[in-house]
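The values are calculated or read from the model by the stated rules, or taken from the named source; none is laboratory data. Keep in mind that what you see is a predicted model, and the values were worked out from it rather than measured. Methodologically, a virtual Cβ is constructed for each residue, glycine included, from the backbone with ideal geometry; neighbour enumeration extends over all protein chains shown. Areas reflect the complete protein model, heavy atoms only, side chains present, ligands, DNA and RNA absent. Shrake-Rupley method; radii C 1.70, N 1.55, O 1.52, S 1.80 Å.
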Amino acid sequence: MSEENFEEKRRRMVGEQIKARGITDTSVLAAMEKVPRHEFVPDKIRSHAYNDEPLSIGEGQTISQPYIVAYMTEALELDDEKKILEIGTGSGYQTAVLAEIVKDVFSVEIIENLSRRSRDIHAELGYKNIHYKIGDGSYGWKEFAPFDAIIVTAAPHITPLPLREQLSIGGKLIVPVGDMFQDLVCIVKNKNGFTEKKLISVRFVPLVSPH
Ligand SMILES: C[S@@+](CC[C@H](N)C(=O)[O-])C[C@H]1O[C@@H](n2cnc3c(N)ncnc32)[C@H](O)[C@@H]1O
């Protein structure tokens, strides 16, 4: 498939799957229209890259459905001054969408191969504001905390405490919490503690804990 065909598919994805479902943040829409999602999936399923579904990326992991990527990104209320922590680099697609919008993305992935693969794709595409760590994202990334926003793209049973702690005041954490089916939860840190709100039901792979 030619680059033009992919571009056309991407435009249609944004129109039919994302705008049509109520996403209005122009920075999110622009990022989703720009990032070549087909570069982040295995070659043999490139033609499915813009489908309205999650896809397998190997290692038993998935690239999230485009709408969910857009929904979570919009919910974080980002801008080009923000520093964000992502837990679960996976294919690196969500990472690239974030990198289009914010100043710096710090992304933690537990599977070494996936982290290395996404780093190569990002380098090829010219991203310079993404920082990678291989390890258990439950601990966050303390050296670079606090973060203006944290996005978790694998589901814990309960939200890991270090992630709450590594939010700045006013910072937002979006995390799918639960077992097979999860609630996407938005946690905001304020001076007196945290507020917490359930957004939508979602289905993510589990946040694995090696300990
Ligand atoms: C649904 S995938 C992420 C999809 C990704 N956002 C994308 O756009 O492709 C979830 C990822 O979280 C990773 N993961 C699971 N448990 C983790 C942990 N404790 N720390 C860091 N990453 C973890 C998985 O290996 C997987 O790559």
Restricting segment 53-70 to residues that are of a type in the set (Ser, Thr, Tyr) and more than 9 Å from the ligand (Cβ to nearest atom), which is most open to solvent (accessible area, probe 1.4 Å)? Ser56
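One line per residue, one yes/no per condition, for (1) within 30 Å of Glu3 (Cβ to Cβ); (2) touching a helix residue (DSSP H, G or I) at 6+ places or on another chain (Cβ under 9 Å); (3) among the hydrophobic types (A, V, I, L, M, F, W, C); (4) modelled with pLDDT of 95 or more:
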site: Gly137; (1), (2), (3), (4): no, yes, no, yes
site: Pro146; (1), (2), (3), (4): no, yes, no, yes
site: Ile150; (1), (2), (3), (4): no, yes, yes, yes
site: Pro160; (1), (2), (3), (4): no, yes, no, yes
site: Leu167; (1), (2), (3), (4): no, no, yes, yes
site: Val175; (1), (2), (3), (4): no, yes, yes, yes
So Thr26 fits all but one of (1) over 19 Å from Gly126 (Cβ atoms); (2) open to solvent by less than 60 Å² (accessible area, probe 1.4 Å); what number is the exception? (2)
The condition of being among the hydroxyl-bearing types (Ser, Thr, Tyr), under 25 Å from Asp43 (Cα atoms), open to solvent by less than 10 Å² (accessible area, probe 1.4 Å) and touching a residue at least 40 places away in the same chain (Cβ under 8 Å) holds, among Thr89, Thr73, only for Thr89
Starting from residues that are touching a residue at least 60 places away in the same chain (Cβ under 8 Å) and either among the polar types (S, T, N, Q) or more than 16 Å from Ala30 (Cα to Cα) (or both), keep the ones in segment 92-124 and report whichever is least open to solvent (accessible area, probe 1.4 Å). Ser118
Note on segment 110-155: residues closer than 25 Å to Glu77 by Cβ, among the hydrophobic types (A, V, I, L, M, F, W, C) and within 11 Å of the ligand (Cβ to nearest atom) are Trp141, Ile151, Val152, Ala154, Ala155
Residue list for segment 142-153, restricted to those being surrounded by fewer than 22 Cβ atoms within 10 Å (Cβ to Cβ) and touching a Phe, Trp or Tyr at 6+ places or on another chain (Cβ under 8 Å): Phe144
